[in-house]
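Read the figures in this text as sums done on the coordinates, not as results from a lab. Quick caveat, the model's predicted, so the values are computed rather than measured. Glycine also receives a Cβ, built like all others from the backbone with ideal geometry; neighbour counts cover every protein chain displayed.
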Amino acid sequence: MSMQTTQQESQPSLAPPAIAGLASLLLPGLGQILARQIHRGLALLSSYVTITALLVWRVSVLGHRQSGAIDKFTKALERDPMFMILMLVGIGALCLWAAWDAYRQAQPGQFRGGLGIFILVLAIFFALGWQISKIDPGRAITELPDAWPPLSRVLWPWDAAFERDSVAIRAEADILVPCDEDPPPPPPVETPGEPYVVADPTCGDLTERDLDLKEIPGTTLSLTGRGFTPNTETQIWWQDAIGNEFRMRKEGEYTTILTDGDGAFQLTLVIPYRLVRPNAVGRQIWEVGARQISESGRLKPSEALTRTIELMVETIFLGMMATFFGIVLAIPMSFLAARNMMSGSRLTIAAYYATRTFLNIVRSIEPIIWALIAVVWVGLGPFAGVIALTVHSVAALGKLYSEAIEGIDSGPIEAIQATGATRLQIIMYAVVPQMIPAFVSFSIYRWDINVRMSTIIGMVGGGGIGFLLVQYIRLLDYRSAGIAVWFIAITVAILDFVSAEIRQRFV
């Protein structure tokens, strides 16, 4: 124990134990300050103020539609009673414990330690973090069955990695929507040996929705088809009056039917709900049809696979180019940011602080923010990604290189200085040889980071695989997204192995 601490503990309390305890009961930490436990008291006081402020904020969020403080508190207690009760009990226990702790601290000769109260503070912060983060394990468990189908496609996406040429067999029939005074469209003409579909009737009303968004079923049609491939799944498609194609869903599933042994089927369906343009004029002729999609030919890489490989290569080189430019620009800046290299005069010290400040500011801004700025500057594409990663790499590597320079052995520098060498010769023969291992290690590590980060900045238009991954997710094409995720993981694993081998050889 240091002399300063011993002297501080030997000083008597500024208040009697009872007054110190009462002070901490009203404001946790105040009694500890009166008992000359300044750091302990400030820690408790700042924790209590922060906890109270966060609780007030959460109450205002939970009861945001209420006006008064009491109404907000009541609403918050109603919406999340477990959290509110735990917080009230925790804060009450903190006040009582702080009062008892202050009472003990103010007594002469008492033990000045005790971490239990700070464990309580951490528990209260944990409860706040749980509520603020909206952690819900029950929801994660109950909704896992619904999330498993898309997750399984991401985990094993290789069914979409290869494909065959597809051949479509199709037939359509016209439907007038709605019926009018003129005769409805006649049934289509049947050609022997060709697929054929006929609807009865050939006109009807769309499904509608009332003010409560409840569906009012439209006209029921009987759809008959023949001439298709036997025992094959057949898709039912609609095309509205302006040529937009879509498929009907029933209970979340697309409408399909299996043809019989003769290639025929019969299906009853309702004309679906569809918004009609207000300026629609004339007779609105829709189409209902049946399609069979079959595959033929040899397997070939799918568009998702080839596109993923292309952009993965782009991502690797994006990270490589950003790392190269970052190294080139970071090396001179690292010498300016090293105190042992810039302590010769006031001018060099000023340059040192200016460089350090610049590196800290640039490094504090995430690459995704630099990517947004670069996209505005040079437009979408990998060039914007290279700029964003280069800027951040310069700041990160400059800091790491400068710390490596500051940590070198001063002996070789003094020895070379004694020979009358110039400053450039000192750097070349005393500084650079010592920093090569750290230089290689940091550079390889930064390339690894840049490749990983390029997948993120691609999501905001910075090029690379990230942009494609976001597009697949937005289109709910989870198998194609899974291919991209797999290639990202494989690439990162390979780069980690390569970087380890390079470090082993040069570091």
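Descriptive notes on the structure:
- Contour minus Cα-Cα distance for residue 360 and residue 140 (0.36 nm per residue): 75.3 nm
- Positive dipole terminus of the chain, leading residue within 381, 49, 304 (C-beta point charges): 49
- Within segment 303-506: Cβ-based charge dipole about Cα centre, in debye rounded to nearest 20 (Lys, Arg +1; Asp, Glu -1): 360
- Evaluated on segment 164-300, the Kirkwood hydrodynamic radius is 16.1 Å, with distances taken between all distinct Cα atoms.
- Structural descriptor for the chain: relative contact order 12 percent, calculated from alpha carbon pairs under 8 angstrom and at least 6 residues apart.
- Label sites at residue 350 and residue 11, each approximated as a point 7 angstrom past Cα along Cα to Cβ, lie 4.1 nm apart.
- In order through segment 221-229: 3J(HN,Hα) via Karplus (6.51 cos²θ - 1.76 cosθ + 1.60), integer Hz, x for Gly, Pro: 10, 10, 9, 10, x, 7, x, 8, 5
- Charged side chains reduced to their Cβ positions (Lys and Arg at +1, Asp and Glu at -1) give the chain a dipole of some 3140 debye around its Cα centre.
- At an R0 of 41 angstrom, the distance between the Cβ atoms of residue 18 and residue 70 translates into a FRET efficiency of 0.80.
- Using a cutoff of 8 angstrom between alpha carbon atoms and counting only pairs six or more residues apart, the relative contact order for segment 3-135 works out to 32 percent.
- Summary: within the chain, the longest segment free of trypsin sites (Lys or Arg not before Pro) located in DSSP loops with at most 12 other C-beta atoms within 10 Å is 215-507.
- Cα gyration tensor category, rounded, prolate or oblate, for segment 258-415 with a/c compared to 1.5: prolate
- The separation of segment 373-410 from segment 172-189, counted between C-alpha centres, amounts to 66 Å.
- The chain - Rg and Dmax from Cα coordinates, angstrom: 35.9, 109
- Gain on full extension, evaluated as 0.36 nm per residue between residue 378 and residue 133 minus their Cα-Cα distance, stands at 84.5 nm.
- Evaluated on segment 3-135, the Kirkwood hydrodynamic radius is 15.8 Å, with distances taken between all distinct Cα atoms.
- Separation of the residue 231 and residue 264 label points, Cα + 7 Å toward Cβ, nm: 1.8
- Cα Rg, Dmax, segment 303-506, angstrom units: 20.0, 70
- Working note: Karplus 6.51/-1.76/1.60 with θ = phi - 60° gives segment 375-390 the couplings 5, 5, 6, 10, x, 5, x, x, 4, 4, x, 4, 4, 4, 5, 5 Hz, where Gly and Pro are set to x.
- Peptides 256-266, 311-321 ordered by average Cβ neighbours within 10 Å, highest first: 311-321, 256-266
- Summarising the label geometry, the points placed 7 Å from Cα in the beta-carbon direction at residue 250 and residue 182 lie 3.2 nm from one another.
- Average Cα contact separation per residue, segment 303-506, under 8 Å, 6 or more apart, as relative contact order %: 30
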